[in-house]
Amino acid sequence: MCTVSWLLANDGYQVFFNRDEQKGRALARSPKYFNDLGVKYLMPVDPVGGGSWIAINQAGLSICLLNYYQQKPPEKELISRGLLVKSLISNTSLTKIRSALKKLPLQCYAAFTLLVFPSHLTAQIGDVYAVRWDGFELTTLTAVSPMISSSIALAEVTNYREDHHNAILLPHQVLFSGDGCNDELEIRPTPARVDIDSVAVNIIELTNQRCIDDKNSLALTQFHASHEPAPSYLSVCMHRDDAHTVSFTHLIATRKQLKMNYVCGCPCSSKQHQSYALYPHRETCVAVV
Ligand SMILES: [Zn+2]
């Protein structure tokens, strides 16, 4: 169960990811810097299996992993899907990632969708790709934001969150680093936006305000902290008896910076915000409010 959305702009892209997990699962470790095969990357680590669900490398390529619950897992002993992210993130192109995937014993993995955000991806150049393993074959599609995985009521959850996403997002591409170039654009005052304001205050404060300098980025950050229509299996900040959203990750990849902002815990209430830069300067600033 997860929700991922993204923005493409004139100077790069941003990714927003809510990770949902069963209650009782050990909390993931905060993002760390790694260096494999000479490629540096940032990645949080799930102590269960030692893998991850999202990572960004120094080339500006990012990947994230969604489980594909609707496909029955193979009956043989499984390899954790989380290990895919760690093994693939040192690649610097979609072609290399697909090639690396084809060398793996995919029959030992439960179904998944791997989203690939290529280096130099902008609103004008490149696409976001969904590489899907359905248990039988590997296919690559162009992906459209948002993408949702859910172990229950997938069609209902997807339809609801897509409608919500489309209602709050501006219909125009927005420059991330422009100065006042989008002042004329206003977010439409939908009921959803008004209702999520109170919930979103936390996350906007926590997620490094300096980086959220355009309105669509702000809108998507609010979307990922949203309890519309109520805190439940339908809301993007997901709350069920058995599972809930356990973290929010925000990636920024532009010519000026590569950055990972990370909120540990439910985006609606967590006070743990961390921000990591990979470029131009490696830096870690951890702020616990
Ligand atoms: Zn919540």
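A short reminder: the numbers here are calculations on the coordinates, not readings from a lab. Everything quoted here is computed from the prediction, not taken from an experiment. Glycine gets a Cβ as well: all are built from the backbone with ideal geometry, and neighbour counts include every protein chain shown.
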Cβ density ranking, 10 Å radius, fewest first, applied to Tyr68, Tyr262 yields Tyr68, Tyr262
Whole-angstrom gap from segment 1-75 to segment 208-268, using each part's C-alpha centre = 14
Gain in length, Ser151 to Ser269, computed as 0.36 nm per residue apart minus the alpha-carbon separation, to one decimal in nm?
-> 40.1 nm
Segment 16-71 - convex hull of alpha carbons, volume per residue in Å³ = 116
Could you give the length gained on full extension between Thr139 and Ser99, defined as 0.36 nm per residue of separation minus the Cα-Cα distance, in nm?
-> 13.2 nm
For the cross-link pairs Lys86/Lys271; Lys40/Lys259; Lys32/Lys76, which exceed 22 Å when the distance is taken from alpha carbon to alpha carbon?
-> Lys86/Lys271; Lys32/Lys76
On the formula 1/(1 + (r/R0)^6), with r taken between the Cβ atoms of Lys72 and Asp36 and R0 of 25 Å, the FRET efficiency rounded to 0.05 is 0.15
Which FRET efficiency value, to the nearest 0.05, do you get for His120 and Asp241 by plugging their Cβ-Cβ distance into 1/(1 + (r/R0)^6) with R0 = 30 Å?
-> 0.10
